[in-house]
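A short reminder: the numbers here are calculations on the coordinates, not readings from a lab. Since the model is a prediction, treat every value here as computed from it, not as a measurement. Positions of Cβ are backbone-derived with ideal geometry, glycine not excepted, and every protein chain shown enters the neighbour counts.
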Amino acid sequence: MSYRYVGPAEISAAVRPGSEGRAIGSPGDLGAWVTERGEAEAREPYTFVVDLDGRLRLAPRRSEHVACAGGRPVLAAGEIAFGRTSGRWSTHEISNQSTGYCPDLGSWHAVARALEDAGVGHGGRFTHEVVFRRCEACQECSVVREDDFVCVFCGSDLPVEWNVDS
Ligand SMILES: [Zn+2]
C-alpha cells in the first residue's frame, strides 16, 4: 500500500520541484552519497522514503520526508543509518519514524525490497518501530507507546489497526 502525506499543510506547500531525495539503486550509489555527505554523517540517520516506483531515496538528516518524496505519496518513510563491513553496505539503524506520513509497520516490506534492489543488506525488520494511530475522537495522530493504545491528546482509546490515512 502507499501512504499519502498527512502532516502540516505549510510543510508540503513549501516543497519545490527537484526536492526529491537521491535515488539509491546500487551499492555504488550509496557509496557516492555517503562520500559526498561525509563518513561521520553516515553514522547518524538520514531521512529516507521509498517512492511509488519502489526506489530508495535519501536526503540529509532532519530533511522533511515530504520534500524527499517530491510531495508525492510513498511506499515507506523513516530514518536510516548505514554501516559497511568487509566492503558491503548494510543498514545499521532503520525506523518508520515519519510524522509526515505516519506509515504502518507493514511498510517494512517495501523497504526490504528497495534495499535488496540496491544491494544493501538489512536485518529483516525495523530496528526502531513506531506505531502511529489517528484518534477517532479528536483526529490527532498519536504515537502509541508501550502498547498503551490511548490518545495522548484527549485520552480516548485508539484503534488496534493502522488507520492514519482513513
Ligand atoms: Zn484524541
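Can you tell me the length gained on complete extension of the stretch Leu105 to Glu129, counting 0.36 nm per residue apart and subtracting the Cα distance?
Working: separation 24, 0.36 × 24 = 8.64 nm, distance 0.69 nm.
So the chain would gain 7.9 nm between Leu105 and Glu129.
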Item to check | Beta bridge orientation in the chain: antiparallel %, DSSP, nearest 5 | outcome: 95
Checklist outcome for this item: Largest-first semi-axes in Å of the equivalent ellipsoid built from the Cα gyration tensor of segment 19-155 are 28, 15, 13
Item to check | Gap separating the Cα centres of segment 110-153 and segment 71-103, nearest whole Å | outcome: 12
Item to check | Packing-based order for 105-111, 145-151, 135-141, 69-75, using average beta carbon neighbours within 10 Å, highest first | outcome: 69-75, 105-111, 135-141, 145-151
Item to check | Cα-based radius of gyration of segment 85-142 once divided by 2.2 N^0.38 Å, which approximates compact folds | outcome: 1.39
Item to check | the chain: relative contact order as a whole-number percent, Cα under 8 Å and 6+ apart | outcome: 21
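Calculate, for Ser26 and Cys141, the FRET efficiency according to 1/(1 + (r/R0)^6) with r their C-beta to C-beta distance and R0 22 Å; round to the nearest 0.05.
Working: r = 35 Å, r/R0 = 1.59.
In this case the efficiency is close to 0.05.
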Next on the checklist: Taking loop as defined by DSSP and a crowding limit of 11 other beta carbons within 10 Å, which trypsin sites (Lys or Arg not before Pro) in segment 44-115 fit?
Outcome noted: Arg62
